[in-house]
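Working notes for the structure below.
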Amino acid sequence: MKNSFKKEACTLENDRWSQCIRRENSLYSRNNDIRSEFERDYTRLLHCLAYRRLKHKTQVFFAPHNDHICTRMEHVNHVESVATTISKYLGLNAELASAIAIGHDIGHAPFGHHGEDCLNNLLQQKTGVHAPKKFWHERNSLFFADFIETLQDPNGIEKTLDLTYAVRDGIICHCGEIDQQSIKPRQEAIDLYSLKRPGLIQPYTWEGCVVKIADKIAYLGRDIEDARAYHILDMGSYRQLREIVGSTLGFTTQQNHAIRSGKAVNTTVLINDLIVDLCKQSSPENGLCFSLPYFKFLLELKKFNFANIYNHWRLMEFEHYATNIIQTLYRTLSKIQVYAQNSRAASALRYFPTLCASFENWLIKYSNYRPEKQPEQKKILHYDTKEVFDIFNNESYQKCIIEYISGMTDQFAISVYEEIISF
């Protein structure tokens with residue numbers, strides 16, 4: 001019901017408020033800021049470089065040339081729209097939900113979830129299904145928010161974003177792949193870096209839980225729309241999709257006829273119906289939940305997408321290409337560790353000028369690397385960032401490369417790959 005969660009909202013009256021707005025440092029010290037704490041987080045994420053790069057990162061279809069195909073940025077904006085709509089209706093803090101949503105994928109790898117798997121495979125030291133993931137984009141988004149992304153303070157010094165605990169928590173706990181009918185926030189505040197795998201716990205706030213569900217609502221319908229644009233779905237798939245809608249939601253004969261005529265299976269209708277059902281069914285006592293028919297529909301729709309879209313042979317073919325790109329970049333940068341230790345990374349990469357400039361700047365900003373000819377370059381560039389990578393430690397240097405690649409767009413990864421293989 002409308003405003004049924006108003007007493008649970010993350011506001012000043014909430015017992016968790018002081019923990020939710022806690023920051024580690026202070027990026028700005030202004031006395032005239034008219035924004036709320038979560039609005040400040042929203043704008044910090046909006047202006048950071050990782051958010052800007054999302055427009056050239058894969059959602060499902062790799063490096064699309066079609067301007068109307070969903071990219072990672074558009075997906076993030078869809079999640080924000082869904083989460084904000086739900087939060088406003090239920091009486092939750094829409095500003096918090098909006099900030100979590102816009103930042104939830106800033107650490108996503110190029111080439112979508114396949115790129116994430118590639119980077120995880122490079123980091124894995126164990127094999128087998130029981131080996132814990134070492135690279136997962138939820139945690140990487142938190143890592144980027146805490147240590148990588150920077151903005152200039154009033155003195156022109158580059159500092160990290162320093163987001164509130166509630167937003168940081170929502171980012172790392174946003175995993176929407178866990179199929180649960182009812183979601184409620186956890187009770188305790190924890191060290192967010194103690195989480196060892198995605199989906200382990202629920203968010204600390206109701207708003208974080210809303211974003212988690214909004215992530216799922218936003219992508220399923222849109223992925224179907226894009227698959228249609230690329231002729232991934234055949235007529236048999238269309239019939240199967242309409243049958244899923246009709247059978248799981250128990251439509252009447254007349255409604256089923258409309259569905260079979262192709263009038264009801266589209267992105268906006270699916271999103272609207274899922275939002276309305278969630279808002280009607282949810283309560284603080286029962287948690288955020290769908291009705292049983294819509295919950296079953298979500299599960300069936302997800303299975304349909306995996307069977308007909310995500311595992312389609314055309315995407316599989318591109319995955320081979322993306323794997324080669326990521327592995328080539330990783331091997332190339334791994335070979336220059338000794339040069340980096342001797343302050344000569346630029347010399348080692350001199351034949352790859354774009355990669356050279358980008359990676360050396362990364363080393364200067366985030367590691368203990370000091371360039372041969374300009375050892376004080378970090379100070380000159382006004383970088384007030386932690387040395388999160390140690391180039392003299394093999395494991396840390398490996399992580400340095402992985403994080404660098406994870407920040408790339410599809411197009412940039414392809415361009416520096418071609419720079420490497422071109423003669």
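The values are calculated or read from the model by the stated rules, or taken from the named source; none is laboratory data. Remember, it's a predicted structure, so these values are computed and weren't measured experimentally. Cβ placement follows ideal geometry from the backbone for every residue including glycine, while neighbour counts extend to all protein chains displayed. Ligands, DNA and RNA are stripped out before the accessible areas are found, and what is left, the full protein with its side chains, is counted by its heavy atoms. Shrake-Rupley method; radii C 1.70, N 1.55, O 1.52, S 1.80 Å.
Overview of results
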{"item": "The lone exception for Glu24 - which of (1) modelled with pLDDT of 95 or more; (2) more than 14 Å from the chain's Cα centre (by Cα); (3) under 18 Å from Ser141 (Cα atoms) it fails", "result": "(1)"}
{"item": "Residue under evaluation Glu387, criteria (1) open to solvent by 70 Å² or more (accessible area, probe 1.4 Å); (2) outside any helix (DSSP H, G or I); (3) out of contact with any strand residue (DSSP E or B) (no Cβ under 7 Å at 6 or more places or on another chain), criterion not met", "result": "(3)"}
{"item": "Cross-chain or 6+ apart pairs with Cβ under 9 Å, the range 401-423 first and at positive phi, then modelled with pLDDT of 95 or more and open to solvent by less than 20 Å² (accessible area, probe 1.4 Å)", "result": "none"}
{"item": "Selection from the range 333-355 of residues that are open to solvent by 20 Å² or more (accessible area, probe 1.4 Å) and within 24 Å of Phe111 (Cα to Cα)", "result": "Ser334, Lys335, Phe352, Pro353, Thr354"}
{"item": "Condition check for Ser81: of a type in the set (Gly, Ala, Ser) and buried (at least 21 other Cβ atoms within 10 Å of the Cβ)", "result": "no"}
{"item": "Conditions (1) over 23 Å from Tyr310 (Cα atoms); (2) open to solvent by 10 Å² or more (accessible area, probe 1.4 Å); number of the one not met by His114", "result": "(1)"}
{"item": "Residue among Ile275, Ile244, Ile271 that alone is among the β-branched types (Val, Ile, Thr), modelled with pLDDT under 90 and either open to solvent by 20 Å² or more (accessible area, probe 1.4 Å) or outside any loop (DSSP other than H, G, I, E, B) (or both)", "result": "Ile244"}
{"item": "Test: Ser358 is closer than 24 Å to Leu122 by Cβ, open to solvent by less than 30 Å² (accessible area, probe 1.4 Å) and under 26 Å from the mean Cα position of the chain (by Cα)", "result": "no"}
{"item": "The range 36-63 residues that are more than 20 Å from Thr84 (Cα to Cα) and open to solvent by less than 20 Å² (accessible area, probe 1.4 Å), paired with ones that are of a type in the set (Phe, Trp, Tyr) and assigned to a helix (DSSP H, G or I) (beta carbon under 6 Å, 6 or more apart)", "result": "Ala50/Phe144"}
{"item": "In the range 202-216, residue surrounded by the most Cβ atoms within 10 Å (Cβ to Cβ) [restricted to those that are of a type outside the set (A, V, I, L, M) and in a helix (DSSP H, G or I)]", "result": "Glu207"}
{"item": "Residue, least open to solvent (accessible area, probe 1.4 Å), within the range 390-423, restricted to residues that are over 22 Å from the mean Cα position of the chain (by Cα) and among the small types (Gly, Ala, Ser)", "result": "Ser396"}
{"item": "Residue that is most open to solvent (accessible area, probe 1.4 Å), among those in the range 361-375 that are modelled with pLDDT under 95 and among the charged types (D, E, K, R)", "result": "Lys373"}
{"item": "Where a residue in the range 66-94 is at positive phi and its partner, wherever it lies, is part of a helix (DSSP H, G or I), with Cβ under 9 Å and at least six apart", "result": "Gly91/Lys6; Gly91/Lys7; Gly91/Glu8"}
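For every residue, the table says whether it meets (1) in contact with a helix residue (DSSP H, G or I) (Cβ under 7 Å, 6 or more places away or on another chain); (2) open to solvent by less than 20 Å² (accessible area, probe 1.4 Å); (3) of a type in the set (Lys, Arg); (4) not in a helix (DSSP H, G or I).
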{"position": "Pro154", "(1), (2), (3), (4)": "no, no, no, yes"}
{"position": "Arg168", "(1), (2), (3), (4)": "yes, no, yes, no"}
{"position": "Ile171", "(1), (2), (3), (4)": "yes, yes, no, no"}
{"position": "Gln187", "(1), (2), (3), (4)": "no, no, no, yes"}
{"position": "Lys196", "(1), (2), (3), (4)": "no, no, yes, yes"}
{"position": "Leu200", "(1), (2), (3), (4)": "no, no, no, yes"}
{"position": "Ala218", "(1), (2), (3), (4)": "yes, yes, no, no"}
{"position": "Glu225", "(1), (2), (3), (4)": "yes, no, no, no"}
{"position": "Leu233", "(1), (2), (3), (4)": "yes, yes, no, yes"}
